[in-house]
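Laboratory data are not the source of any read-out in this text; all were calculated from the coordinates shown. In this text, all values refer to a predicted model and were calculated from it rather than measured experimentally. Heads up, the Cβs are rebuilt from the backbone with ideal geometry, glycines too, and the neighbour counts pull from every protein chain shown.
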């Protein structure tokens, strides 16, 4: 633009003066070469990684890790059975936790003051209590209520069972972890619901869509974009968090390898067995999350 | 308000919308200070006025997106949002309000299309949910509406793949899918690039020609002159003056109307 040239250049310069050329430079070609910024950080990082690789090398070659033992136990029935329990417990707790959590989030945002307070109180209580304490509490509930019964209120009992028989360790694990998970899931879902533009809800109301349909068809699918990444985080956290049930003797992945090393004293290789399985499952979940995210990103720029 | 006791007035004079003494405050701010307005069946009313004059709020009270503090609004003879018993108004349950809204189409400034649904799903969502019509009929109607707004080839696109003008035309088709008795437009072209305004106004003009009853809040004076039967000028939560466009736009009686028009023309 001649106007810009006039502004940038010395007013005494000739009309064909090029203000971008430094004085004394040879007449440059029109295509000037671009030199990118030097990536010194990348080289430093590479050096650090090289040092770490040497550590990994020592880990792999150190006989004390007993990789042979790792291989020996990696696919034994006991370990696989423990892995199976860890997996279905994770899936069940996450699913139940998010169903309950979604309900809590909707209550928390409802116009009903009583329900709002109930939801707030639940989230406050179960986020404050360590999950380990909660599991131990449920485990000892038999001391508080030795018997549970169904009957007419203030009248005769029709059916009575011993609490200990009704609530086995696995049931306690499901209840305790779900109640804990739901409190966190509620906040994740609430964050997602808040991320949906107010106009979306108004448009749905203006079209006469009912509350349930608005939630299911309009708000939740859009909230999922904000819900999925932290939910993926929680799923992976729950996968590893289920190992806490080993304290109440539920035979999950960790408890299964503990049973072996209490017998054989091969503590490190058996912990490696559990660790590698956790890594494998976490990696698979990560891939799954990518596809779920892509599904809920449909209709947005950059993801078709 | 009952039309059964009085002989039905001739078509074109029956009031579609009646607003009586409507007041509305947000906290200490009174945004509507006693609004009276009548829109006849088949009439196009264009509401003009500076920002903050209460025109959008008025529009939103007509389909009960905003509740009124006092006064009453009826559409096609039915009170909006309330049931009258004696000298009291009882607020309706949400289900009944939602049913009333299916008779009142609303087009938003920011389109508010559902971004995760295709254009066709945007249009069919409400008829499938609210009217419980067979899917085949709803789809056929939706495609016909898309054709009418000139977007027959965009049925499977997602809203964000469309230009602003195209999105607003889809939003109009979505509002029409419920076959409303009344269409409300809240600044339908204010969020658009200037070169896209014309295509949206063309669709609204087409609806006006076919006798759709409409209330349009806008800043497009040229559009008001061409399409409006009545121009309503609002300022400070009141209707300052109203009348045919030739009168209000060319020979405004009120000082505030004159000064507003001199700024926007």
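Annotations for the structure displayed:
- Neighbour counts of C-beta atoms inside 10 Å place B:60, A:298 in the sequence A:298, B:60, starting with the fewest.
- Relative exposure of A:265, A:278, B:90, judged by other C-beta atoms within 10 Å (fewest first): A:265, B:90, A:278
- GNM result for chain A, Cα springs below 10 Å: residue of A:134, A:66, A:42 fluctuating most strongly: A:42
- Cα gyration tensor, the protein assembly as shown - rounded (a/c under 1.5), prolate or oblate: oblate
- Rounded if a/c under 1.5, otherwise prolate or oblate - chain A, Cα gyration tensor axes: oblate
- Put simply, when A:160-172, A:43-55, B:228-240 are sorted by average Cβ atoms within 10 angstrom per residue, most first, you get B:228-240, A:160-172, A:43-55.
- Cα-based shape type of chain B, given that a ≥ b ≥ c are square roots of the gyration tensor eigenvalues and the cut on a/c is 1.5: oblate
- Sorting A:194, B:265 by the number of Cβ atoms found within 10 Å of their own Cβ, with the fewest placed first, yields B:265, A:194.
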